[in-house]
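In what follows, a single structure is set out as structure tokens and then discussed.
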Amino acid sequence: MRRRRLGGRVAFLALYLPPVVWLLLFLVVPLLLMAAFSFRPDLRGGLLDAFAPTLKQFAAVFATESYLRLLGLSAAMAFGVACIAVVLAYPIAYYLVRHAGRRAGLYLLLLLVPFWTSYLLRVMAWKLMLGEEGVVNSLLMYLGWISAPLDALLYNRGTVVVTLVYVWIPFAVLPILAALSRVRPELLDAAADLGASPASQFRRVTLPLSLPGIAAAFFLVFIPTIGEYVTPSLVGGSGGSMYGNIIQDFFTKAVNWPLGSALSMIMLVATIVLVAIALRVVGVGRFFRT
């Protein structure tokens, strides 16, 4: 008995410790280092040398309205991208669960095909499609609908939103698919026996029970999108930049790591606050407790 308990404990530690160590080394430690850098006055001296903590960098951020305005704009764009992605992903997940039948696995595989290609290639594909000499402009000129290429299709925030929605739809489908798969058909049969129409069954049974998946899909898209910088750089240009682009510039071009760290920490705290408020307002927590 004692040997069995010891073997179970060893197996538990063998499965538990590697991911914990990984998260500590590559998530917690970098976050702590970034938090420490945000309190540095500058980068003079060694990176790990002792320094007098200061709020100079945070004061500089809050004194510049453009930083906070861009953070709010990025949050609004992330909210819109998350909402659109969830709205478009829900019918796909619903079809896979309720109507795809034996072909559900094949359709799900086709949905995940974009994951097999590079993220940069998928974004660059949109740049090639929407550019002045891209597929869309070439087709419109061939049809005679326009006489000159449209430059409004690229390098703006609308293009960034469209591209991000395309990128995140497959991610949004997966948690919704998992939630819908847990809705027992017997519940729908019982609702039908009680006289509920298909629309009423969906509204009163399927949709409420799938809310955890909807919430998970929303936050799965919203949280990384608010700090996005790759897509705005490629298809947004100067007119479609987001908060993440400023952080990237301070870490790379300006080599001002303390200010970039302060911007990052402010974004992290703002994201956590927004997610907490959303969970409280929507009341999603009760669905996860059931």
Contact order normalised by length for the chain, with contacts defined as Cα pairs under 8 Å and 6 or more residues apart; what percent is it?
27
At 0.36 nm per residue, and after removing the present C-alpha to C-alpha distance, how many nm does the segment from residue 152 to residue 192 gain when stretched out fully?
9.4 nm
What distance in nm separates the two pseudo spin-label positions at residue 125 and residue 102, each 7 Å out from Cα along the beta-carbon direction?
3.0
Of segment 218-255, those with amide N under 18 Å from the point 7 Å along the Cα→Cβ vector of residue 69 are 238-247
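I need the calculated FRET efficiency for the pair residue 88 and residue 50, taking r as the beta carbon distance and R₀ as 45 Å, to the nearest 0.05.
Working from the Cβ atoms, E equals 0.30.
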Note, ³J(HN,Hα) from phi for segment 269-278, Karplus 6.51, -1.76, 1.60, rounded to Hz, x at Gly and Pro
5, 4, 5, 4, 5, 5, 5, 5, 5, 4
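Trypsin sites (Lys or Arg not before Pro) within segment 192-290: which are DSSP loop residues with at most 16 other Cβ atoms inside 10 Å?
253
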Given a Förster distance of 25 angstrom, what is the FRET efficiency for residue 26 paired with residue 223, based on the Cβ-Cβ distance and rounded to 0.05?
0.90
Each residue of segment 244-256 in turn: what ³J(HN,Hα) in whole Hz from Karplus with 6.51, -1.76, 1.60 and θ = phi - 60°, glycine and Pro shown as x?
x, 5, 5, 4, 4, 4, 6, 7, 10, 6, 7, 6, 10
Distance between the C-alpha centers of segment 89-139 and segment 30-77? Whole Å please.
38
In segment 144-159, whose amide N lies under 13 Å from the spot 7 Å out along Cα-to-Cβ of residue 132? List them in ranges.
148-155
Please turn the phi angles of segment 208-218 into ³J(HN,Hα) values with the Karplus equation 6.51 cos²θ - 1.76 cosθ + 1.60 (θ = phi - 60°), one per residue in order, whole Hz, x for glycine and proline.
x, 6, 9, 4, x, x, 5, 5, 5, 5, 4
Using just the helices of the chain, give the 222 nm mean residue ellipticity in deg cm²/dmol: DSSP H runs with n ≥ 4 each add -39,500 (n - 2.57), and the total is spread over all residues, rounded to 500.
-22000 deg cm²/dmol
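Laboratory data are not the source of any read-out in this text; all were calculated from the coordinates shown. What you are looking at is a predicted structure, and each value in this text was computed from that prediction instead of being measured. Positions of Cβ are backbone-derived with ideal geometry, glycine not excepted, and every protein chain shown enters the neighbour counts.
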